[in-house]
Amino acid sequence: MVSFNILVAVALLYVALLFGVAFYAERRAARGFGGWLYSPIVYTLSLSIYCTAWTFYGAVGYAARSGLEFVTIYLGPTLVVVGWWWVLRRLVRIGRTQRITSIADLISSRFGKSTQLGVIVTILAVVAATPYIALQLQSVTLSFAVFAEAGGAFWGEDELNGAAIAVAIGLATFTVLFGTRNLDANERHHGIVMAIAVEAVVKLLALLAVGIFVVWGVAGGPTQILQQIDASPIAHWDQNGARWISLIFVSGAAFICLPRMFQVLVVENVDERHLNIAGWAFPAYLMLMSLFVVPIAVVGLAILPAGANPDLFVLTVPLSEGQSGLAMFSFLGGFSSATSMVIVSTIALATMVSNHIVVPIWLNARAGAGAKMSGDVRSVILLSRRFSIAGVLALGYLYYRVSGGGTALAAIGLVSFSGAIQVLPSLIGGIFWRGATRVGAALGLITGFSVWSWTLFLPSIGTGAIISDAVMLYGPFGHSWLRPEALFGIAGIDPLVHGIMWSMILNAFLFFIGSVFSFPTPLERLQGAQFVNVFDYSAGSSNWRASAADAEDLLIMSQRIMGGTEAQGFFQREAAAQGKAGYLPDVTIEFVSLLERELAGSVGAATAHAMVGQLTEGSGVSVEDLIAVADEAAQILEYSNQLEAKSAEQERTARALRDANEKLTALSVQKDAFLSQISHELRTPMTSIRSFSEILRDGEMTADAQWRYAGIIHDETLRLTRLLDDLLDLSVLANGQVTLQDQSGDLRSLITRAVDVAGGEDSKLRVLRDPSAEAIVLRTDLDRLGQVFINLIANARKYCDAVTPTLSIKVRRVSGDYVIDFVDNGSGVQIKNQQVIFEKFSRVSDQSKAGGAGLGLAICREIMHRLGGEISYLPGQGGAAFRVVLPRAAILANR
Amino acid sequence: MTGPSKTSVFLARNAYHKRRMRDLARAVPLFGAVLLSFPLLWPRGEGGAANSGAVVYIFVVWIVLILAAAGISRAVKSDDPLRAQRDQS
């Protein structure tokens, strides 16, 4: 049998070990050897403060009383953690980007850095957590008592109270030492996290050891233990569905909303990726913690006397079996569960109390001092935290004394949980819904808190303690619809389910209605956007306008909060980032925002905002600034749109340039072709003139031959002259140097003259005309127009290859214009050549037969162009067909 | 105010797979909630379902949830934006 003194000695040794671990971890972190301190395993183990003494001792008692219902307390968090992708990931990201220090800070920060909301959440948290801390003190005290009793001494109230106060003082010392060592910018406590990780291992191993002993040592194996369950008082499934679902919901929500859970889950998180491991490792931890609860409960019920407290089975079963070593280990497990919870809980609550209550009051008291405020803020904050820690523990102790420590552990735990989750609507609404406002959050929180106090918290203190029996039965002042266990006259619901249901429904409803019907301040809207869209832009936008604050004042203030070295380091870094030497950066909007966030890591968003606000003379964000921010975004968008348009335009220009280049290249090729063509055309007659003139010069020939050769030379000269005339004509026309004569006349006689000229002596070509249609008086350059007609008729004569060549000249009106079609009955022009016949030197048929240089149609086109008309090839007429469109201005009358 | 989104609508096979894994990660707690509600359909009290069976059922569901979460956490691991940033720098 372990003597009580040995137990105390072991407990003290264990505490010394924890001190050592915490100290070692702090030292390592301070020296920058984080290493395994930042591993996901440590993170997962630190989450295990969810399993308090309530789990360690209470779960077995719960199972002994109500069967499997205890498991809901662990299934809720399992679902939340397994679904970390929904809420936890978002919370952790927000916590890291916004430097959130506590759940009150999160709510306050989200709703426009509101001090009032911070106060409400802090009070709610303290009220909800106090019974829970009392519960831990009670469990440690009771476990001491168990050993004292086993050692033969019966503990009275005095001894229990003495033990409780000793434990409370010991815990306060540890927490103050490691929890307020420094005003960390990130509010992280490596020493404490490491210590609770060690405690997590101890409590898991202890519970597993007791469980293994009970299953294999006492019952004789898994099969036997299942049989023993069937034979026990809790053999049958008897679960109230409403409680089952409510408790899974409450425990899942509490896992997020409990201040201590928020502390380890979000504030102490060093790396978002740890969630990935914790997402399955923490449920596994919970599962192992719950695995042997039912076996221990049924074995305890079977082997211990009927009156034994089932909450202490974890200790009393090994003791009754004579396993004092195992009982000692189990005691350490319970001790670990209680202490780790109390330590983290008090740190979280103390941070909230000091940041949201003490410092704002202190600042208010000195509001007049402004930038010249004196005194060391840093020491004030640290001091207020230390006092808060002591205060929270004192409250817990007080509650323990007042409540008498009699109630079943599980009942207190659930009341505490359902109080903590009153933050849930504002929290979830705040991180998923931009429309949530401060008014809505305050309404919801106050309503939820009131309903919870009335239906669950006050009755839990004890029947008749605060709420009298009469009120419980008939309602306050006879208003029966306000009875704490039957609001609105709906009786018969399980009291716990009743309280949770009404508080959550009214809370969420008023939160929603209040948000919908109120208008948020600019800062609220800014924060709301940053919280809800945290994955879109983690950098965050600025909350300040360009301000008149002096960098030196800001430095003085920061030194008081962050400490000299840290503040100077921060200012120096920022100055360097701005490209300045020294300690004083320019007070830009970005810098002030950054500084505020840095300070928020120490004193919370609301306080940091207020303190910076004092120096910058309240030049906080306004609606205009919000609009400016929106404008900036719009401008960026506009700019990118402009860029896009520009690049499209450039593409168009490039395409046009490419086309122009192609055209130029083609023109240059054409020019070359023209030159070579023209030299060829000139050279052919020149060659024959030269050779025949050489023959003539050499003499010795008949007169007949001489005459013939001179004739050839003459012909070639004529051809050359004609070519040169044509060229000259064309160039004059193309350059627009031609002077058109103003003549008037009759179309019929013009065509007749052209037919006479072009037909020449060779009358093989038959010309068909319709003289009545030709009765049009023209006023234009008739010589030029006649030239075109002559050319067309001459072409028909030259190229028409029909046996009896016929040319019909038809004058008609086509869509308001007078056109003259010259259609012959030859084989026409091939389609591929139709495109080029109007080009210079284009000759489609055999060259010798043509006897021209191929300039005729090109000249025609130029002439028609000059006259304001048109000439084109008319396909599909059975032969070669040209259409001349007379210029409109030329028509004088149609007789 | 926002213009047309610049992110592409269709993803390569790898990224598509990761997105579906995230959907799965979101679905696991819902499946868990459904599975853990089944016991409410069992007969209650004397002559009802045995608690020994209930213990086995609940712990089997629990272990399945843990294994599912572990499997999915490997699949979604590599697309953490913070990690991507750090890997770049």
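Where a number appears in this text, it was derived from the coordinates with a stated rule and is not lab data. Quantities reported herein were computed from a predicted structural model and do not represent experimental measurements. Note that each Cβ is placed from the backbone with ideal geometry, even for glycine, and that neighbours are counted across all protein chains shown.
Data table
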read-out	value
A:Ala30 versus A:Arg888: modelled label distance in nm, points set 7 Å from Cα along the beta carbon direction	9.9 nm
FRET efficiency, A:Ile831 to A:Thr752 (Cβ-Cβ, R0 30 Å, nearest 0.05)	0.35
Which listed pairs, of A:Lys764/A:Lys840; A:Lys663/A:Lys832; A:Lys671/A:Lys832; A:Lys663/A:Lys798; A:Lys113/B:Lys18, have C-alpha distances above 31 Å, in listed order	A:Lys663/A:Lys798; A:Lys113/B:Lys18
In Å, descending, principal axis extents of the Cα set of segment B:18-78	51, 16, 8
Relative packing of A:94-105, A:450-461, A:672-683, which averages over residues the other C-beta atoms within 10 Å, highest first	A:94-105, A:450-461, A:672-683
Listed residues A:Val42, A:Ala30, A:Thr565: farthest to the positive end of the dipole of the protein assembly as shown (Cβ charges)	A:Val42
B:Val60-A:Ile361 FRET efficiency (beta carbon distance; Förster radius 51 Å; 0.05 resolution)	0.40
Packing rank of A:120-132, A:650-662, A:11-23, where each peptide gets the mean count of other beta carbons within 10 Å, highest leading	A:120-132, A:11-23, A:650-662
Relative contact order (percent, whole number), segment A:625-734, Cα cutoff 8 Å, 6+ residue spacing	22 percent
Other-chain or far-sequence residues with amide H under 5 Å of A:Gln743's (modelled H)	A:Thr780, A:Asp781, A:Leu782
A:Asp238 long-range amide H proximity, modeled H, under 5 Å	A:Leu68, B:Gly45
At R0 = 41 Å, FRET efficiency that the Cβ-Cβ distance of A:Ile493 and A:Ala302 yields, to 0.05	0.75
Difference of contour (0.36 nm per residue) and Cα-Cα distance, A:Asp715 to A:Gln227	162.2 nm
Whether segment A:743-894 is rounded, prolate or oblate, judged on the alpha carbon gyration tensor where a/c under 1.5 counts as rounded	prolate
Tail weight of P(r) past 50 Å, computed on alpha-carbon pairs of chain A, percent	47 percent
More than 20 angstrom apart: percent of Cα pairs within segment A:650-777	73 percent
Share antiparallel - DSSP beta bridges, the protein assembly as shown, percent rounded to 5	90 percent
Computed magnitude of the charge dipole of segment A:625-734 (debye, nearest 20; Cβ of K, R +1, Cβ of D, E -1)	620 debye
A:Val767 long-range amide H proximity, modeled H, under 5 Å	A:Leu807
Residue order, fewest to most surrounding Cβ atoms within 10 angstrom, among A:Ser772, A:Ser66	A:Ser772, A:Ser66
